[in-house]
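The block underneath contains the structure these notes are about, expressed in structure tokens.
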Amino acid sequence: MPNQILQVDENMLETKLDRLVSEKVEELLNAMLDAEADEITGAARYERSGERKAYRAGHYERNLTVKAGTMTLKVPKLKGALFESAVIDRYRRREESVEEALIDMYLAGVSTRQVDDISRLLWGERMPSQTLSDKLKRVYEDIDLWRNRPLGRAYPYLFVDGVWHKRTWGGSVENVSVLVAIGVDDTGHREVIGVAEGMKEDRASWEQFIRSMIERGLRGVRLVVGDRCAGLVSTVNAMLPDARYQRCMVHFMRNVLSKVSHRHMTWASGALKAVFAMESRESALEKAGQVAAQMDDRGLKAAASCLREGMGEATTYLLDEFPVEHRRRIRTNNMIERLNREIRRRTRVVGSFPDGRSALMLICARIRYVTANQWSTRRYLDMSRLGDTMQSTH
């Protein structure tokens, strides 16, 4: 005898169950609509009653997409009263949970065309890109509130950078920047505290960006970490006078190595790593001077000049006022670079944005989606160490 006496066709069973659920949900919704019509008219269908307030005049069919599929509803028509349903909103074509699911897919990185395809596959109904854009306006209101929220804590460490994307500008497609700021607060937790369109990422853009955060309550900044963007250093010095500037060590090393010939690349890379392996700022600067002299001897004048010029900004993290335990995480902009990679992964799907607001909103939504987990809830640094260095330096 066969081991399996009873065999079940799972695909056929799932299809029949789906159809059964869909039919039952449709029956239930239509029964609820009938009950509402009875309540409005003051009498059941065909019932003779002196308390009748209105009369039935047939019905019209309307599709509604719900989780169980697309239902055909028979919406009652009435004479003498307006039929208002609490079961379904007037003109609504999709259950709210279905719309939320489609919007979540878009914000998570699915293109509008894919959202349309998925909608047709799951529910048999299209979600045109214009309809999706209209639904997103409610989400954008929430994003604006998040972007402009008050900053209630001190943020000793501030990481800033810009992510570039393409947008339509004056009839042509140009590269523009969205500025992003991540703060590590006095409890050691990370938080995206600023996102704004920076246009060309120049001094005016940085001034406006940092001013907006100060107006929202930014305070207690001890160190700003970023790349050598135009105008950023002077803006930090002018608007955050109590903060020091740390040039991203990784970007700085890349800048130096970009001026090194292929023949000397292995040596130069090892020499720069040796510089940043030093445990004190004095020894790092001394080692950098030696490496720069060796570069001169090898004919790498441009690389030597770049190293001498930027070494001071790239070793701020080695100052005694910053804890040794924090050095590895405050010497680079890697944290914000990883976030930018997630943003670019989403913006590449879109290509060119029609305007700055649509780009800004999508980037903000992507940031919130990526950081809504342990990224923001897990403590990033032990800030009690920073308090110890403050006491020792005064």
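The values are calculated or read from the model by the stated rules, or taken from the named source; none is laboratory data. All values reported here derive from a predicted model rather than from experimental measurement. We place every Cβ from the backbone using ideal geometry, glycine too, and count neighbours over all the protein chains shown. Surface areas here come from the heavy atoms of the whole protein model, side chains and all, with no ligands, DNA or RNA. Shrake-Rupley method; radii C 1.70, N 1.55, O 1.52, S 1.80 Å.
Here are the numbers for the structure shown:
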read-out: Trp267 - accessible surface, heavy atoms, 1.4 Å probe, Å² rounded to 10; value: 70
read-out: Rounded percent of accessible protein surface that carbon and sulfur make up, the range 181-236, 1.4 Å probe; value: 48
read-out: FRET efficiency, Arg228 to Gln114 (Cβ-Cβ, R0 56 Å, nearest 0.05); value: 0.90
read-out: Heavy-atom accessible area ranking, 1.4 Å probe, most first, across Leu136, Leu82, Leu257; value: Leu82, Leu257, Leu136
read-out: List Glu197, Glu337, Glu51, ordered by accessible area with a 1.4 Å probe, largest first; value: Glu51, Glu197, Glu337
read-out: Solvent exposure, largest accessible area first (probe 1.4 Å, DNA, RNA and ligands not counted), of Tyr155, Tyr140, Tyr55; value: Tyr55, Tyr140, Tyr155
read-out: FRET efficiency estimate (nearest 0.05) - Cβ-Cβ, Asn148 to Arg254, R0 45 angstrom; value: 0.85
read-out: Percent carbon-and-sulfur accessible area, the range 259-312, ignoring ligands, DNA and RNA, probe 1.4 Å; value: 50
read-out: Chain lengthening between Glu286 and Asn175 when straightened (0.36 nm per residue, less Cα-Cα); value: 36.0 nm
read-out: Exceeding the 31 Å Cα-Cα cut-off - candidates Lys53/Lys74; Lys166/Lys287; Lys77/Lys137; Lys53/Lys137; value: Lys166/Lys287; Lys77/Lys137; Lys53/Lys137
read-out: Probe 1.4 Å, protein heavy atoms only - accessible area per residue of the range 217-284 in square angstrom; value: 48
read-out: Length released on extending from Glu279 to Glu23, taking residue separation times 0.36 nm less the Cα-Cα span; value: 85.0 nm
read-out: Length added when fully stretched, Ala57-Asn334, from 0.36 nm per residue minus Cα-Cα; value: 93.0 nm
